[in-house]
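To start, the structure itself, in structure tokens.
The values are calculated or read from the model by the stated rules, or taken from the named source; none is laboratory data. Because the structure is predicted, anything quoted here is derived from the model rather than measured. Virtual Cβ from ideal backbone geometry, glycine too; neighbours counted across all protein chains shown. With ligands, DNA and RNA removed, areas are computed over all heavy atoms of the protein, side chains included. Shrake-Rupley method; radii C 1.70, N 1.55, O 1.52, S 1.80 Å.
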Number of protein chains: 6
Amino acid sequence: MNQDRYQNGLDKLMEYTLTDNIEISTHLKISEALEDIAPDVGKYIIEFAYGEIYTRKGLTNKQRALVTISSLVTQGTEPQLELHINTGLTAGLTEEEIVESITHLIPYTGFPRVLNALTVAKKVFAIRHEDKH
Amino acid sequence: MNQDRYQNGLDKLMEYTLTDNIEISTHLKISEALEDIAPDVGKYIIEFAYGEIYTRKGLTNKQRALVTISSLVTQGTEPQLELHINTGLTAGLTEEEIVESITHLIPYTGFPRVLNALTVAKKVFAIRHEDKH
Amino acid sequence: MNQDRYQNGLDKLMEYTLTDNIEISTHLKISEALEDIAPDVGKYIIEFAYGEIYTRKGLTNKQRALVTISSLVTQGTEPQLELHINTGLTAGLTEEEIVESITHLIPYTGFPRVLNALTVAKKVFAIRHEDKH
Amino acid sequence: MNQDRYQNGLDKLMEYTLTDNIEISTHLKISEALEDIAPDVGKYIIEFAYGEIYTRKGLTNKQRALVTISSLVTQGTEPQLELHINTGLTAGLTEEEIVESITHLIPYTGFPRVLNALTVAKKVFAIRHEDKH
Amino acid sequence: MNQDRYQNGLDKLMEYTLTDNIEISTHLKISEALEDIAPDVGKYIIEFAYGEIYTRKGLTNKQRALVTISSLVTQGTEPQLELHINTGLTAGLTEEEIVESITHLIPYTGFPRVLNALTVAKKVFAIRHEDKH
Amino acid sequence: MNQDRYQNGLDKLMEYTLTDNIEISTHLKISEALEDIAPDVGKYIIEFAYGEIYTRKGLTNKQRALVTISSLVTQGTEPQLELHINTGLTAGLTEEEIVESITHLIPYTGFPRVLNALTVAKKVFAIRHEDKH
């Protein structure tokens, strides 16, 4: 019965990860790493986060990525920021838009969160550039 | 010498507040309220936040509003969220896009921040609807 | 198809609200208040939060209430804290256990969050005592 | 046996509240308000916060007030900020130093926390000015 | 005069660390590491946190561990979370209860904090399993 | 036109970094590291943070360092805390004043943030002691 939500979630996740294999593997790596102690959490990410929230209408994938990144910069949760800078790029955000969004947050979060986020962004960009070679 | 930055900031602020008089008055009310104890802070908002950050290229006004709102929902700073739901609407975001952005944050901030933000949004929408009559 | 999750969620919510009518009405009041602008969020609270998370095995209702309250004290999201001190009492936590849990957080959050939370708790206790008369 | 710590804490608290009766009453009001549900928390504030931490050497009372205010602005815990702007003034900080400290935090917390803190400061200054008449 | 509080604190700390030597050494390692620059902080942890707060009545050791872990997951302070997942296990929480508590927080903190906390939990469980061999 | 603000900012930055070469290099290293993806952010730090905020009157350099450190301890942004413990020392704060300020925050942030900050402080002190040999 949750099969549809799971499949919808997986399909949606693919839209954020289809053009390359970096993020899907990251998503799967996290889910797999926690598979033994908390198998349901990976399921909730697919079914609820991707299957119910990301599949909603009203915002484009790029807009959803922008909203997600802005929240993670503000929280300072860097492992997830790394992942979602990746999914944002695959969803069609340019590197410039991501840098610009993080820079735009200076008046709202102050410099420390912004500097830490830009450091993560720089690392993600470098890995993706390498992968293209 | 800072005249240009101030004027640029004020011009940009107008873009977020031109179609109605709600937010500009809110911005000015905050600045005026603090004029006596901290006159420079209002100046920094115009010159730095609007004059230097909001006038940057690379994102549309709507995207900047989306990034701002997402950060404020995450922080839970409700007076500023109220203001920027207003500027977001003036910048061209629809009510639906704003509600959708807040809803999208459930997997990233949890329900409490989202519920508090939606309560603010509802209030802002109601005030603007009243003002149209 | 989500009917089961919704019903399970509603049943579980009842366990936290059956002995009196305070919290169910609070939960419903929040959902109803947001019904017009964000109808799905109330649905997600029932289906996901109550239907999928609260119905999991491994913790008692009292333990879940303790975990919830501890997180909300730490976040400082007071409207939700008020609601969940109520659900915690209905789930079987005593007033003393709730005060003790908040007090226990002094070394982890500092005094400000604890004092604000105790002020909320005092208010909730008073309302419930009144209702009994 | 804790009598000394309690007395030391009370003496130290007096240094922050002796020149006027605003804050001591605020401190006592908070303690009294929670006396019935959590009597020990007021005791910990006197014994631990004032009796052990504030009585330490190495910083002046003014420096301790500055550190406290900076943390509370950053946390956004406004009831405590109101209290400690008051104790800061009694400890010898000028209104200008307090406004300047809050303004200094713009690059570290962003504008929202700073604006909310200045609004609290303005209110405290006004109450103290009134009291002098 | 503080001897009793110190001894009570140390006794209580032992209850959280007696069945194995992992956490006591962790606690002592932190205290020892800071001994040279801030010797009193380790003393406050023993005397105030363990000697005054943890020795209070009204909650079991397991409940206190649950409250502590929930706050640390919410704050995202991972070094302390690692320590207190350890003390929680020694206090009698099962691995399943700890995972379940963290999972329960998804609706209150969102997925990022939960995923980071589960990663810490997995690491702690692995170290303790190794130590048993 | 911004030349003056930039130069003023750079001059002020020098006051926080002149007696040794540790922090200026750290500041420059961060700016240089982000030069390729976000060149303007380093400029804003010099022009706005140092050129406009740090050059304001009303607080000494030592007081500004104290305010900055207190905010960063509260936020838990450790890379920036490391940098500003360094600038604080160069601005004239003693190691004892820095440790004392962090210790003073126990009642306001709880032990976790304080312990993590002291660990950063210990590392910074050790590096500076080494550099003197």
Worksheet entry | Residues of region E:5-36 classified as more than 14 Å from chain F (Cβ to nearest Cβ) and either open to solvent by 40 Å² or more (accessible area, probe 1.4 Å) or at pLDDT 70 or above (or both), total | 15
Worksheet entry | Given (1) under 28 Å from E:THR94 (Cβ atoms); (2) over 14 Å from the mean Cα position of the chain (by Cα), index of the condition A:LYS57 fails | (1)
Practice prompt. Run D:LYS57 past the list (1) open to solvent by 30 Å² or more (accessible area, probe 1.4 Å); (2) facing another protein chain (nearest Cβ under 7 Å); (3) outside any helix (DSSP H, G or I) and report the number of the one that doesn't hold.
Written response: (2)
Response to the item:
For region A:39-54 the number of residues that are out of contact with any helix residue (DSSP H, G or I) (no Cβ under 6 Å at 6 or more places or on another chain), charged (D, E, K, R) and surrounded by 21 or more Cβ atoms within 10 Å (Cβ to Cβ) is 1
Item to complete: Report yes if D:GLU78 is over 24 Å from B:VAL41 (Cβ atoms) and of a type in the set (Asp, Glu), otherwise no.
Response: no
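Results for (1) acidic (Asp, Glu); (2) not assigned by TED's automatic domain parsing to the domain that holds F:ILE106, shown as yes or no for each residue.
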{"site": "F:GLY42", "(1), (2)": "no, yes"}
{"site": "F:ILE46", "(1), (2)": "no, yes"}
{"site": "F:ALA49", "(1), (2)": "no, yes"}
{"site": "F:GLU52", "(1), (2)": "yes, yes"}
{"site": "F:ALA65", "(1), (2)": "no, no"}
{"site": "F:THR68", "(1), (2)": "no, no"}
{"site": "F:PRO79", "(1), (2)": "no, no"}
{"site": "F:THR87", "(1), (2)": "no, no"}
{"site": "F:THR90", "(1), (2)": "no, no"}
Worksheet item: Among the residues of region B:70-82, which ones are farther than 17 Å from B:PRO112 by Cβ and open to solvent by less than 10 Å² (accessible area, probe 1.4 Å)?
Response: none
Worksheet entry | Number of the condition not met by E:GLU97 [criteria: (1) at negative phi; (2) open to solvent by less than 20 Å² (accessible area, probe 1.4 Å)] | (2)
